[in-house]
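The values are calculated or read from the model by the stated rules, or taken from the named source; none is laboratory data. Given the structure is predicted, the values throughout are model-derived calculations rather than measurements. For neighbour counting, all protein chains shown are included, and Cβ atoms are generated from backbone atoms with ideal geometry for every residue, glycine included.
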Amino acid sequence: MIKCFRFSVYLSVLLLFLSGCIPSYTDLPAGTTKSVTNSPILEQQTVRVPVLKADVTPETDYLVGPGDVLLINVNGKPELSSPGLYVSNNSISGSRVDGAGAIRLPLVGPVTVAGMSLSEIEIRLQQVFSQYLNTPWVVVEIAEYKSHPLYLLGQFRNAGTFYMDRPLTLLNGLALGGGMLDTANLRSARLVRDGKIVPVDIYQLLRQGSLQQNVWLQAEDTLYVPDDKNQHVFVFGAVTKPGSVPMPNGRLSLSQALASVGVKETRGNTTHVRIIRSLSISRGELLVVDHDRILRGEALPFYLTQGDIIYIPHSAVGSWNQVLEDILPSLQTVSATLQPFVSIKYLRD
């Protein structure tokens with residue numbers, strides 16, 4: 001009898017505990033009208049990353065590099081000049097700069113020319129040939145530009161690899177693509193340099209005419225414009241199925257996203273849902289949203305935007321520093337698909 005009594009007490013305590021942990025919601029009678037105007041946002045702060053500082057105007061003279069093909073005329077003598085310089089058909093072979101930055105000419109052999117302008121190469125070759133000729137003259141021209149590649153990827157009408165023959169700005173580089181397709185997502189467009197996203201806003205440059213974004217390009221830069229078809233958000237933390245959640249037709253509410261990843265099973269803290277939102281490549285927001293108020297009908301639905309990162313705390317609410325420390329490993333696993341702002345602000349070395 002005592003054992004049964006103790007069991008009943010334990011069961012009652014457990015039920016009380018569970019009833020306090022799991023929010024209860026009461027259905028309203030049919031036909032009830034209730035005006036809801038409150039926002040579920042508890043906290044909202046803007047976060048910025050410094051934009052790329054204005055570049056120094058690059059040298060106007062083209063500097064030769066590996067892969068370029070030069071036409072070199074020495075005293076008008078074919079036996080001393082570039083191979084194929086004097087040919088009757090349209091194909092001109094010329095002298096290609098090798099991987100070590102050198103060209104090879106009859107009589108003098110290899111001569112290093114990488115990093116030099118045409119006038120500097122002419123002076124250098126005059127010095128080299130002066131050992132064999134009296135007052136030699138040299139004329140150097142570029143037959144093929146191949147050492148300063150620029151990569152245009154994604155939703156360009158004419159995507160591919162282009163070779164810079166002069167200093168180009170970001171606008172010049174974008175123009176090489178022949179315009180963009182209707183599916184281009186300019187808000188997620190990015191300039192990638194040395195494997196890292198550069199804090200330059202292509203959307204502001206093209207749509208708002210912000211010339212501050214019109215930076216000088218460098219060899220090996222990549223301009224990437226994704227499409228707007230596969231939009232999604234990311235949910236991490238106390239959920240059973242963390243990761244990407246698709247946005248059908250580009251529209252998804254917070255309630256729909258949480259329902260698809262399984263929050264109830266983990267009993268995560270949905271009164272302080274953390275959201276990292278990208279507004280542009282250099283500006284974002286940190287939001288704290290009370291999802292329970294939405295479920296109780298006390299606040300309006302909260303709609304997500306493409307690339308939102310949602311974090312459900314496991315227990316007590318901590319600081320944003322604690323949240324970012326907890327979520328960072330998850331962000332690194334999906335770094336290739338994150339919005340540029342998130343990559344620059346939180347994943348940059």
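A few comments on the model shown:
- Within the stretch 304-314, not a single residue is among the acidic types (Asp, Glu), in contact with a Pro (Cβ under 8 Å, 6 or more places away or on another chain) and in contact (Cβ under 8 Å) with a residue 60 or more places away in the chain.
- Within the stretch 113-140, the residues that satisfy the criterion of being surrounded by 14 or more Cβ atoms within 10 Å (Cβ to Cβ) and outside any helix (DSSP H, G or I) are Val113, Ala114, Met116, Ser117, Leu133, Pro136, Val138, Val139, Val140.
- Only a single item in (1) within 30 Å of Ser188 (Cβ to Cβ); (2) surrounded by 15 or more Cβ atoms within 10 Å (Cβ to Cβ) is not met by Val69, and it is number (1).
- Residues satisfying the stated conditions in the stretch 42-64, i.e. at pLDDT 90 or above and over 28 Å from the mean Cα position of the chain (by Cα): Leu42, Asp61, Tyr62, Leu63, Val64
- Listing of strands (runs of 3 or more DSSP E) fully contained in the stretch 157-274 that carry 3 or more residues being charged (D, E, K, R): none
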